[in-house]
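Participant: This is the structure I have questions about; it appears just below.
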Amino acid sequence: MATTNFQSELYELKSVLHNFAYKLTRNQDDSKDLYQETAYRALVNQDKFRTGTNLKAWLFTIMRNIFINNYRKKIKQNTILDSTDNDFYINSGSTAVLNDANSNILMKELQAMIDDLEENIKTPFMMHYYGYKYQEIADQLNLPLGTVKSRIFFARKELKQAIGKNYSESMTFG
């Protein structure tokens, strides 16, 4: 097909192609871009078009493929990467050495504070710490549910105060 004949047939299909582009994109500006990209690719690849075949179907196929490729690119760009703290440490490039000395000391001090609690609040608190649910604690200790919740609350409050006394200069508790 001659270049001028191809261009004139392409121009005759302009409104049909614009309508199809708008149907795909549902946006006026995007449909203009899609039409322009389709026309460009059709002109660049006009030697691949076989004379006597359906030009409109060929152009629609080009447009649909461009739209699908652009859609896939857009979806990949919108993919959210998980950037948790672990990724930071993995990607930091430096080697981290875990020093458990401070945490071991703190755990021993915390355990001593828990041991100093009165037994009636320490038992429900430790059961809750080990994963028992409030109702399970209440059933096992034969106490009302509200009493169990109160005792756990008071244990937390006393521990907070004890920690505040020991570490008042470095920590603030509300």
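The values are calculated or read from the model by the stated rules, or taken from the named source; none is laboratory data. Computed from a predicted structure; not experimentally measured. Counting neighbours? That spans all protein chains shown, and the Cβs are built from the backbone with ideal geometry, glycine included.
Participant: For Asn5, state whether it is loosely packed, with under 12 Cβ neighbours inside 10 Å and modelled with pLDDT under 95.
Facilitator: Criteria met by Asn5.
Participant: Determine if the range 15-27 includes at least one residue that is under 22 Å from Asn69 (Cα atoms), outside any helix (DSSP H, G or I), out of contact with any strand residue (DSSP E or B) (no Cβ under 8 Å at 6 or more places or on another chain) and not aromatic (Phe, Trp, Tyr).
Facilitator: yes
Participant: Hey, can you tell me all the residues within the range 21-41 that are in contact with a helix residue (DSSP H, G or I) (Cβ under 6 Å, 6 or more places away or on another chain) and of a type outside the set (S, T, N, Q)?
Facilitator: Ala21, Tyr22, Leu24, Leu34, Tyr35, Glu37, Arg41
Participant: Mind checking which residues of the range 1-14 are assigned to a helix (DSSP H, G or I) and among the small types (Gly, Ala, Ser)?
Facilitator: Ser8, the sole residue that qualifies.
Participant: Which ones in the range 109-144 are part of a helix (DSSP H, G or I), surrounded by fewer than 13 Cβ atoms within 10 Å (Cβ to Cβ) and either of a type in the set (A, V, I, L, M) or within 38 Å of the chain's Cα centre (by Cα) (or both)?
Facilitator: Gln111, Ala112, Tyr129, Gln135
Participant: Follow-up question, since we're still on this one. Residue by residue through the range 124-137, note down the ones that are in contact (Cβ under 8 Å) with a residue 12 or more places away in the chain and farther than 18 Å from Ala162 by Cα.
Facilitator: Once the filter is applied, which keeps residues that are in contact (Cβ under 8 Å) with a residue 12 or more places away in the chain and farther than 18 Å from Ala162 by Cα, the range 124-137 yields Pro124, Met127, His128, Tyr134, Ile137.
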